[in-house]
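The values are calculated or read from the model by the stated rules, or taken from the named source; none is laboratory data. Being a predicted model, the structure only gives us computed values, none of them experimental. Methodologically, a virtual Cβ is constructed for each residue, glycine included, from the backbone with ideal geometry; neighbour enumeration extends over all protein chains shown. The accessibility values were calculated without ligands, DNA or RNA, using every heavy atom of the protein model including side chains. Shrake-Rupley method; radii C 1.70, N 1.55, O 1.52, S 1.80 Å.
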Amino acid sequence: MTKVNVGMIGCGGIAMGKHLPSLAKIPEAQVVAFFDISADSAHEAKNKFGTHDARVYHDVYELLRDQDVHVVHVCTPNDTHAEISIAALEAGKHVLCEKPMAKTAEDARRMLETSQRTGKKLSIAYQNRFRADSRWLYQACREGKLGEIYVAKAHAVRRRAVPTWGVFLDLEKQGGGPLIDIGTHALDLALWMMDNYEPKTVLGSSYRKLAEQGSSANLWGAWDPDKFTVEDSAFAMITMKNGATVWLESSWALNTLDVDEAKVSLSGTKAGADMKKGLRVNGEEHGRLYTQEIQMAGDFGGNPLPDDAAEQEARAWIEAIAYDREPVVTARQALVVQEILEAVYESASKGQAISFV
C-alpha cells in the first residue's frame, strides 16, 4: 500500500507529545513536511520524526502547495483552525484538526461545508474516544445495555491545573478557557455515548473567581491574573430534543476534591455507568441492586494506566484515508459540540437560556 504522507502544521507540545509519536508507530504513515511559526521548532520536529527527505516550510501555504502531502494535522491555536483547515481542504488535503474544531461555530460550519464540497475528509482530534474504557462503554451503549440514556454528566474538572504556557489564557486566540479546552472532550464523549446530536436548549454560567486571585499551588506554576482573560470555570445544563439532559462541568481551578477529566456518567432505563473510579456499571437484577466494576487491561487499583488512545486515534485516522472510510470522529459531530460550547458562553453572557429551535 502507498504510504500516507503527512504534513504537520504546528510543532508545539501537542504535536511533539501526541501526534508525531503516534504517527511514528504506524507503518502506513510518514511525516514529510513541517511548519511552525518557530523555525527551530519545525526543524526539531523534522529531525526527530521526519523522513530523511522531509521538508521544513517557512510559509504554511507553501506547505499546502506541496503535492507530495496527502494529509495535514493542524496543531495551532484555536483562532487559526478554520483558516488553515479550509485552505488545506481547498488544496486537496485531508485534515485532522486539533480540538476544539474552531474558535467559533460559524468557523466550524465553514470547515464542514468545505469538506463536503471538496470531498476531502475532515476530523477533529478527540482522542479520548479511543481510550479502552471509552471504547468498552460506547459498545455497551450501542448494544443497548443501558437502555435509553436520558441523563448524562460530562466531567472536566481540575482543582488547580491552569495551563500557563502558550496562549491558553488568551481569549482572543482561544475563544475561551477550560470549557473550550477540556470541557469539549467531556461533552464529545457524552454525546457520542448517547448518540444524540440534537440539542434543544442550553443554560450556562461561567466564572472568573480564582483567575483574578492567582495561585502559587498551580500544577504548572503561578499564573498572572492580568493575562488570564478567559473563564476559570463554566457549567451548563443542556436539554436535548428527545428530552434527555446533559450536565456539563469544566474548570481549570476550582475549590473541590471531586476532580475528573474527560469522563462521563450515564443513566439509562436499563442501567447506568460512570468513569469516576474506573469503569463501573450499575443497575437492578433479580430484585437486587448491583454494581459491576469493569477491569480494563492495565488497570491497577482502580486507576487506569496510560493506554494507547493517541496511537489508536492516529491509526484510525490514517486507515480512514488509506481505505476510504468515514473517520471515527466526524466533522458534523464536532460541529454540534462546537455549537453547544458557543451556546454555553452566550447563555452565560446574556444570563438566559439559548434555544436551538
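How much accessible area per residue does the chain have, counting only protein heavy atoms and a probe of 1.4 Å, in square angstrom?
Working: 16190 Å² over 357 residues.
For the chain, the per-residue accessible area is 45 Å².
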Once the other residues with Cβ under 10 Å from the Cβ of Asn255 are scored (Lys, Arg +1; Asp, Glu -1), what is the net sum? +3
Label points 7 Å out from Cα along the Cβ direction at Asn282 and Lys350: separation in nm? 3.6 nm
Gyration tensor verdict on the range 44-140 (Cα atoms; rounded if a/c is under 1.5, prolate if a/b is larger than b/c, oblate otherwise): oblate
For an R0 of 45 angstrom, estimate the FRET efficiency from the Cβ-Cβ distance between Asp226 and Tyr290 and round to the nearest 0.05. 0.30
Table column - 3J(HN,Hα) (Hz), the range 140-157, Karplus curve with 6.51, -1.76, 1.60, x for Gly and Pro: 4, 5, 5, 7, x, 5, 9, x, 6, 8, 10, 9, 9, 10, 10, 9, 8, 10
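Translational diffusion coefficient of the chain at 37 °C, 0.692 mPa s, Stokes-Einstein with Kirkwood Rh over Cα pairs, in µm²/s as a whole number.
On the way: Rh = 21.1 Å.
Rounded to a whole number, D works out at 156 µm²/s.
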By how many degrees, between 0 and 90 and to the nearest 10, does the Cα long axis of helix 105-118 differ from the longest principal axis of the chain? 60 degrees
With the full set of protein chains in place, find how many percent of the accessible area of the range 175-215 is carbon and sulfur; take the probe as 1.4 Å. 41 percent
Return the carbon/sulfur percentage of the accessible area of the range 218-294, one whole number, probe 1.4 Å, all protein chains in place. 49 percent
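Of Lys3/Lys263; Lys99/Lys173; Lys99/Lys153; Lys120/Lys153; Lys99/Lys227; Lys103/Lys277, which pairs sit farther than 24 Å apart, going by alpha carbon to alpha carbon?
Working: Lys3/Lys263 35 Å; Lys99/Lys173 14 Å; Lys99/Lys153 20 Å; Lys120/Lys153 34 Å; Lys99/Lys227 22 Å; Lys103/Lys277 33 Å.
From Lys3/Lys263; Lys99/Lys173; Lys99/Lys153; Lys120/Lys153; Lys99/Lys227; Lys103/Lys277, over 24 Å: Lys3/Lys263; Lys120/Lys153; Lys103/Lys277.
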In degrees, nearest 10, the alpha-carbon axis of helix 309-322 is tilted away from the dominant principal axis of the alpha carbons of the chain by 60 degrees
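Taking all protein chains in place and a 1.4 Å probe, what share, in percent, of the accessible surface of the range 4-118 do carbon and sulfur account for? Don't jump to the answer; show the numbers that get you there.
On the way: 2260 of 4560 Å².
Exposed carbon and sulfur together represent 50 percent of the surface.
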Which length gain, in nm to one decimal place, applies between Lys241 and Tyr61 when the Cα-Cα distance is subtracted from 0.36 nm times their residue separation? 60.6 nm
Which FRET efficiency value, to the nearest 0.05, is calculated for His52 and Lys270 with the Förster distance at 56 angstrom and r the Cβ-Cβ distance? 0.50
The Cα extents of the range 105-210 along the principal axes, largest first and rounded to whole Å, are 42, 41, 30
The simple spin-label model distance between Ala24 and Glu198, using points 7 Å out along Cα→Cβ, in nm, is 4.6 nm
Output ordering of 206-213, 32-39 (per-residue mean of other Cβ within 10 Å, highest first) is 32-39, 206-213
Sticking with the crude label model, points 7 Å out along Cα→Cβ, report the distance from Val259 to Ser216 in nm, one decimal please. 1.9 nm
Helix-only [θ]222 nm of the chain, DSSP H runs n ≥ 4, -39500 (n - 2.57) each, per residue, nearest 500: -9000 deg cm²/dmol
Which whole-number percentage describes the relative contact order of the chain, with Cα contacts under 8 Å and a sequence gap of 6 or more? 19 percent
Phi-based couplings in Hz for the range 70-85 (Karplus 6.51, -1.76, 1.60; Gly and Pro marked x): 8, 9, 10, 9, 9, 10, 10, x, 4, 6, 9, 4, 5, 4, 6, 4
Per residue of the range 211-219, in order, report the coupling 6.51 cos²θ - 1.76 cosθ + 1.60 (Karplus, θ = phi - 60°) as ³J(HN,Hα) in whole Hz, putting x for Gly and Pro. 4, 7, 8, x, 7, 8, 9, 5, 4
